[in-house]
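Notes to accompany the following structure.
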Amino acid sequence: MAADMMRNYPVSPLANRRGLKGGQSRIGLLLLLPAAVAFTAVILYPFAKALGLSLFEYTIEMNAPRFIGVSNFAKIAASPDVWAAFATTAIYVLCATAGTLVLGLAWALLMNQPFRGRVALRSLSLLPWVLPSTVSAFVWAWIFNSRYGVLNAFLMEVGLIDMPQAWLSTPQGAMLAVILTKIWLSIPLFMSFFLAGLQSLDKEQIDAARVDGAGNWPVLRDHILPHLRPVLIIVVVLGVIGNLQQFDTIYALTQGGPVRATTVLSVEVYKRAFEQWDIGFASAIGVLWVATLMPPAFFYLRMLVKGN
Amino acid sequence: MFDLSSRQAKTIFCVALAFIGFFLFFPIYWLVISSIKGNTELYRAVPTPVPLAPTLEHFVKALTAGKLPMYLGNSLIVSGASACLVTILALYAGYSFAKYRYAGRQPVMLFMLSAQMFPFGLLLISLYPMMSNLGLLDTRLGLILSYIVFAMPVSTYMLYSYFSQVPDELIDAARADGASDLRIFHTIVLPISVPPVVTVFLYSFMWSWNDLLYSMTLIVSDDKRTIGPGLLLTYLNEVNSDWGGAMAASLLASAPIVIAFMFLQRYFIQGVTAGAIK
């Protein structure tokens, strides 16, 4: 189709006079070309290939993949481990997104209030977000450390526990650690979105409500939260997508363990593909993983289109 | 926004500020504090809240004894190169989407953006054999090319939203003077686009600097290893528990990205939240 257009408008890129739309669009396509090539080579092609591999048996002992139809999916359906990974992912995504949402929104509202040192505090609170994922994992692993960790020391000091807990060695403790780490490092991003949304809030409307005698809670409920609704939706969608994809901090903290307690889909696919080298099966899990990402992704794109 | 003149409101405000602030800042404080504690002070059942005898021994050791400088250098090369590559690709593509009209423009752009939601781990499954076939496995070039995956879609969109705001009149005026499209882009549009370009560069730099998964998988030999897996392999294993060293190395690994970010955070936030907020 692009070639057709070029044939219909045989103009040189230098002959740019108004109205020569064909030449214009040809330059536009030319500018797009490098990115399109890169996109196809490292994103689109690998993606399509991985989807295709889900229909093959392909392990480390094999020279070439062997077509087996939907057998991989049948194997998944019969695998309690994979089902457990889905359940773990659901818990992780739900808790991490909800936690970040509440704390991120609260922090944005606090940072929107004028007080001394606010600007500095706001800048500093972006730090968790820019730290390398391995570093975030180190910090939290050290806090949760069973022998010298500050968390155990603190909880024993206030009398909540009698004995040091091996947090990262128990299923619940490890889950708590990976969720807290993710909430911690996502609060800055959520806060930034909410602060950007708060900037367009109509101050006069709030002042008017105040004159009518509205307190803080009614102002929040009737004016601020409704105003933030579109941002809220975006943030939830982006948060869910990001949490569904999260790998680095979980792997660095627990490697998906103890046993399989924190093995979310990303870790499951990684382990199947690069530890057991069962490529076909890993791809099949990946396909289902993509399927879970589709609804929020579709929702997000639709909003972007409407926004434009 | 809120009226804090009443005592109750003030109390709630302060409690919330203290609570969330503690959650956000305590880990960073603890990271810094632990990196300057000596080993005897570090390994106590009841930790000291403020270091009694601050020391830089962990930093000295990390910089001289280990392979940290090499990992940092590798990360700098790989992240710098991939950020340059992504920025250049995204510049032309974003400008093309914003200022040219051709069939399929919007669907193509949205499709590219939606690629941000393809699971990176899934892409890696076929990137790995691809790199292996091309002889790029365990090379810096292979890793640089793979890092396009992370940041290119959003970078393109960020630059697209910026270029959409550049007035058409500016371009039309130059065009009327007979300047070619590429010349207009390079001499008129680019010079006024420094902040978004820097933002996109930093954004993609951050993605590759902070990556663990791709580097851990695509790089095998130690001399090409980047900082993410380098830290993990050096400090986090069952036998070795050098927490002071881990904290010092963490700070050194975070320093470049944190410093860059401090100077550019305003542009950065605007860029990242662009498109989501009307």
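The values are calculated or read from the model by the stated rules, or taken from the named source; none is laboratory data. Note that this is a predicted model, so its numbers are computed, not measured. Here the Cβ is made from the backbone with ideal geometry for all residues, glycine too, and neighbour counts use every protein chain on show.
Could you please let me know if residue A:168 is at pLDDT 90 or above and more than 20 Å from the chain's Cα centre (by Cα)? Spelling it out, it is not the case that residue A:168 is at pLDDT 90 or above and more than 20 Å from the chain's Cα centre (by Cα). Counting only residues that are small (Gly, Ala, Ser), within 10 Å of chain B (Cβ to nearest Cβ) and crowded, with 23+ Cβ neighbours inside 10 Å, the range A:231-287 holds 7 of them.
Looking only at the range B:218-250, which residues are within 8 Å of chain A (Cβ to nearest Cβ) and either within 29 Å of residue B:271 (Cβ to Cβ) or free of Cβ contacts under 8 Å to residues at least 40 places away in the same chain (or both)? Matches in the range B:218-250: B:227, B:228, B:229, B:231, B:232, B:235, B:236, B:246, B:250. When we screen A:228, A:195 for residues that are farther than 24 Å from residue A:261 by Cα, in contact (Cβ under 8 Å) with a residue 40 or more places away in the chain and facing another protein chain (nearest Cβ under 9 Å), the only hit is A:195.
Residue-wise test of (1) at the interface with chain A (Cβ under 10 Å from one of its Cβ atoms); (2) in contact (Cβ under 8 Å) with a residue 24 or more places away in the chain; (3) at positive phi.
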{"position": "B:6", "(1), (2), (3)": "yes, no, no"}
{"position": "B:10", "(1), (2), (3)": "no, no, no"}
{"position": "B:17", "(1), (2), (3)": "yes, no, no"}
{"position": "B:31", "(1), (2), (3)": "yes, yes, no"}
{"position": "B:61", "(1), (2), (3)": "no, yes, no"}
{"position": "B:73", "(1), (2), (3)": "no, no, no"}
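From the residues in the range A:58-80 that are within 14 Å of chain B (Cβ to nearest Cβ) and not in a loop (DSSP other than H, G, I, E, B), which one is farthest from the chain's Cα centre (by Cα)? It comes out as A:59.
Residue-wise test of (1) out of contact with any helix residue (DSSP H, G or I) (no Cβ under 7 Å at 6 or more places or on another chain); (2) of a type in the set (Gly, Ala, Ser); (3) outside the structural domain of residue A:240 (by TED's automatic domain parsing); (4) not in a helix (DSSP H, G or I).
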residue	(1), (2), (3), (4)
A:122	no, no, no, no
A:165	no, no, no, yes
A:177	no, yes, no, no
A:181	no, no, no, no
A:206	no, no, no, no
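Pairs are defined by a Cβ separation below 6 Å, a sequence spacing of at least 6 or placement on different chains, a first member in the range B:160-183 that is within 17 Å of residue B:105 (Cβ to Cβ), and a second member that is part of a loop (DSSP other than H, G, I, E, B); the pairs so defined are B:161/B:275.
Of the residues B:202, B:143, B:124, which is buried (at least 23 other Cβ atoms within 10 Å of the Cβ), touching a residue at least 24 places away in the same chain (Cβ under 8 Å) and farther than 28 Å from residue A:301 by Cβ? Give the steps one after another, and end with the answer.
Working: B:202 fails: farther than 28 Å from residue A:301 by Cβ; B:124 fails: farther than 28 Å from residue A:301 by Cβ.
One residue alone meets the criteria, B:143.
For residue A:133, the conditions (1) facing chain B (nearest Cβ under 7 Å); (2) of a type in the set (S, T, N, Q); (3) under 15 Å from residue B:20 (Cα atoms) all hold with the exception of (3). Here the range B:172-184 is the region considered, the condition is being crowded, with 18+ Cβ neighbours inside 10 Å and more than 8 Å from chain A (Cβ to nearest Cβ), and the residue that is modelled with the highest pLDDT is B:184.
Checked against (1) assigned to a helix (DSSP H, G or I); (2) surrounded by 12 or more Cβ atoms within 10 Å (Cβ to Cβ), residue B:15 passes all but a single condition, namely (2).
Summed over the range A:138-178, the residues that are within 13 Å of residue A:262 (Cβ to Cβ) and more than 13 Å from chain B (Cβ to nearest Cβ) give a count of 9. The C-beta contact set for the range A:74-101 (first residue over 12 Å from residue A:285 (Cβ atoms), second residue among the small types (Gly, Ala, Ser) and part of a helix (DSSP H, G or I), distance under 8 angstrom, 6+ apart or interchain) comprises A:96/A:186; A:96/A:239; A:97/A:239; A:100/A:186; A:100/A:239; A:101/A:239.
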